[in-house]
Every structure is written in structure tokens, then in C-alpha cells.
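Below: one structure, written as C-alpha cells.
Read the figures in this text as sums done on the coordinates, not as results from a lab. What you see is a predicted model; the values in this text were computed from it and never measured. In this analysis, Cβ positions are derived from the backbone assuming ideal geometry, glycine residues included, and neighbour counts consider all displayed protein chains.
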Amino acid sequence: MSRLTLIAALGAGLLPGAALADGHGKWKERGGHYEHDYRGCPPGLAKKHNGCRPPGLVREHHEDRYDEDEHHRWRRGERITRNYIVLREPARYGLDPRDTYWRADGYVYRVDRKTGEVLALIGLAQSLLGN
């Protein structure tokens, strides 16, 4: 009888290990697309790679939004700090030759020559300059 008890105890001790083994369960895709373990997560949410969050609680990632830096329109009082081109002959485009004009991000701005501060948004560069 002691042999039978020993075998039963040994078998019962191995059962939890088999249940916790990381096999090909239904929470992991067999093709290797899912790296994380989504135990307790419904299959529809596990496929979305959002940390098992319901759709109403998921926030947008920065990569999904419109890139504001790529198409930035400078406002009056801001300083243009990057990616600008100085318009050398403003009178050629019907602008006051005494002022300083810069082209940045598809727009033409009247700026303070010393500080680079935007004094006015003149308009779209394409319609104004014909480029």
C-alpha cells in the first residue's frame, strides 16, 4: 500500500506543473505573432496588442496622430527656430521690402530680424510665391 500511496503522491505533485507549462495554448498564436502571455484576457483583446484594455480605455499613441512638428504653423509671438528660408527680394512677391520675411513649413511669415519672432502670418507659400 505504501507503494501505491507514493505513486499517487508523486502523480499529484506533477499535475500542477503540467497545467502551468507554457504550451501552445489558445492565448498565444502559433505563428509567433504574440510574444506576451495574455492569460485571462479574451481572445479578441489579446489579438489587438494593447495590453488587454477594452476599446473605450485605449489611448492613441503618438505615432497614430497627425505629426504636428512636420506641418507646424507658427503663431504671432512665437520664435521660428528651425527649417526656415529667408526671402531675399520680398518686393518681387508684392511684400514690403523694409520688412523681413521667412518661409517655414509651407507658410510665409513677417518676422523680427533680430529675434526671429513672428510678427504676422502672410499666407501660404505656394499661393504667394508660386512654388
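Other residues lying with their Cβ under 12 Å from the Cβ of residue 123 contribute a combined charge of +3, Lys and Arg counting +1, Asp and Glu -1. The protection proxy used here, the mean number of other Cβ atoms lying within 10 Å of each residue, ranks peptides 114-125, 82-93, 97-108 as follows, highest first: 97-108, 114-125, 82-93.
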